[in-house]
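Okay, so here's the structure we're looking at.
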Amino acid sequence: MSTDRRPDHRSDHQRGHRSARSSHSAGLRHVLTHLITPLLMCIGMGLAYLGAFANPAPHHLPVAVVGSGRSAQLLAQSINDKADGALEVRTVGDRSAAIDLLKHQEIFGAYVGNVRGAKGDSGGARTAEGSGAQGASRGVRTPGGADSAGSSTGRLRVGGEAGPARPPQPAPELVVATAGSDTSATVVQKVFTPIAAQQGAPLKVTDVVPTAEDDPTGQGIFFLLVAISIGSYASVAVIGGAGAVLPLRLRAALALGTSFVVGLIGTAFAGPVFHLVDHGLVGLAGMAWLYSAGILLIGTGLHTFLRRWTTLGVMALFVMLNFTSSGGIFRPEMQNGFFAALHSFWNGAGFVEGTRSHVYFGDYGLSGHVWTLVWWLVAGLATVGAAALAERRRRTAEAEAVANAAAVAAAAVRATVPEPAPAPLAGRSGGTAGARSGDGRAAVAAAERGVEEEMEEVVGV
């Protein structure tokens, strides 16, 4: 007896062990499949952020040399030749014209070699005299050895020819607009500091469009973009997941309402909380709503098609490609061609540049940036419309599948259940009729299982 039972115990143990291993294997495959998403996020974030920010360098960064004489033209040509495509140097007739170009963001620095007779700075401009002080404030190394009194005898002229000592000249001046881009202004200062040193005088830097006092680098707008973006695309996961049972029109309404709240939160951060901007909050709130609504509508529509890959898709659109091309840290002139091209039409760039234009540059160019945000909102509405058509077709296919399965089940029942037998023969044929009735119930159950399988195939489970 005992010898007969041992194989049974071993067999039961082996079957249990195989069942456990099968269960573990299935669970491991499930986990590994879901790990694909965070790994793809890691790869995408690394490629995007390191590709955009790891090695910034100017590419055709527009600057100007103030002056209409031959010396100004020679200096501009010399800088262009040495820059080898990094800069685009033009000459501007006077200082006021250069300031207008700065306020229109057509240039990012203007070098005034001799400012005698120039008009005074506009109100509110920040001026830093002395290459050491300005270099320390921006982390720029300035060449030493320059004679601050301007009395050296071996001084170089603009054209590079040695000449006799001249009377002291006004300090060379670099005019910038840090509200447009602090990093671009720093790069321009690095270019013109050694040129000023050749004239034996420290470089005076004048900021004609300074940033808000509580946002000295001007990058607070970029981090405001980050906060609004995270609030928007995180809400997509909630509306698409928890709200999947709701009609699409209701999900779209939730997206628009959520974007309004996210925009108000961003405006509060920019104004009364952190004082990133000191005026124009109403316009900023409108752009924040447009920006957030575009993200939420696009994400809500994409969820119908991408399902569990929606988070990855939204992050690729509104984090990986969006933050890196926004111009919040480096302007497109400081990036490679790919991100510079995205800057011209991506929604993050529209928000950052629109906010800068509205707050600091007198709304110059604002309409173009607002239209960028509007077109992204239109793209969101179109995505929701495409999702509505797809869900309508899916519901139609599901209804047809249910109707077909019900028809198959009804036909199976009619084929297996016989007509009622005459009363005298009922006793003798009871067993056969019962068997046929049992067969009919089995057929109905099989048909119901077919309905479920067909439904799952249509839905995509």
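Amide hydrogen proximity for Val92: with H placed 1.01 Å from N in the peptide plane, the residues at 5 or more positions away or on another chain lying under 5 Å are Val65, Val66, Gly67.
With viscosity 0.890 mPa s and temperature 25 °C, the Kirkwood radius over alpha carbon pairs of segment 206-360 converts through Stokes-Einstein to a diffusion coefficient of 153 µm²/s. Spin-label model, Ala411/Ser19: points 7 Å from Cα along the beta carbon direction are separated by 3.9 nm. The calculated FRET efficiency for Val378 paired with Phe260, based on their beta-carbon distance and R0 = 25 Å, is about 0.90. Charge tally for Phe274 (other residues, Cβ to Cβ under 13 Å; Lys, Arg +1; Asp, Glu -1): -4.
A simple charge model with +1 on the Cβ of Lys and Arg, -1 on the Cβ of Asp and Glu and nothing else charged puts the dipole of segment 215-342 at about 560 debye relative to its Cα centre. Scoring 198-207, 98-107, 383-392 by mean Cβ neighbours within 10 Å over their residues and listing the highest first yields 198-207, 98-107, 383-392. Applying the Karplus relation 6.51 cos²θ - 1.76 cosθ + 1.60 with θ = phi - 60° to segment 264-270 yields 3J(HN,Hα) values of 5, 4, x, 5, 5, 4, 5 Hz, where x marks Gly and Pro.
Computed from backbone phi with θ = phi - 60° and the Karplus coefficients 6.51, -1.76 and 1.60, the 3J(HN,Hα) list for segment 247-260 is x, 5, 5, 6, 5, 5, 5, 4, 4, 5, x, 5, 5, 5 Hz; x is used for glycine and proline.
Taking 51 Å as R0, compute the FRET efficiency from the Cβ-Cβ separation of Tyr49 and Glu400 and round it to 0.05.
For Tyr49 and Glu400, the calculated efficiency is 0.60.
Using a probe of 1.4 Å on the protein chains alone, the accessible area found for His59 is around 90 Å². Summing +1 for each Lys or Arg and -1 for each Asp or Glu, what net charge is found among the other residues whose Cβ lies under 9 Å from the Cβ of Thr304? Here the charged neighbours net out to +1.
For segment 348-354, backbone phi angles converted through the Karplus equation (6.51, -1.76, 1.60; θ = phi - 60°) give residue-by-residue couplings of x, 5, x, 6, 5, 5, x Hz, Gly and Pro being listed as x.
The values are calculated or read from the model by the stated rules, or taken from the named source; none is laboratory data. What you are looking at is a predicted structure, and each value in this text was computed from that prediction instead of being measured. For neighbour counting, all protein chains shown are included, and Cβ atoms are generated from backbone atoms with ideal geometry for every residue, glycine included. Each accessible area value is taken on the protein alone, full model and side chains, heavy atoms only, with ligands, DNA and RNA left out. Shrake-Rupley method; radii C 1.70, N 1.55, O 1.52, S 1.80 Å.
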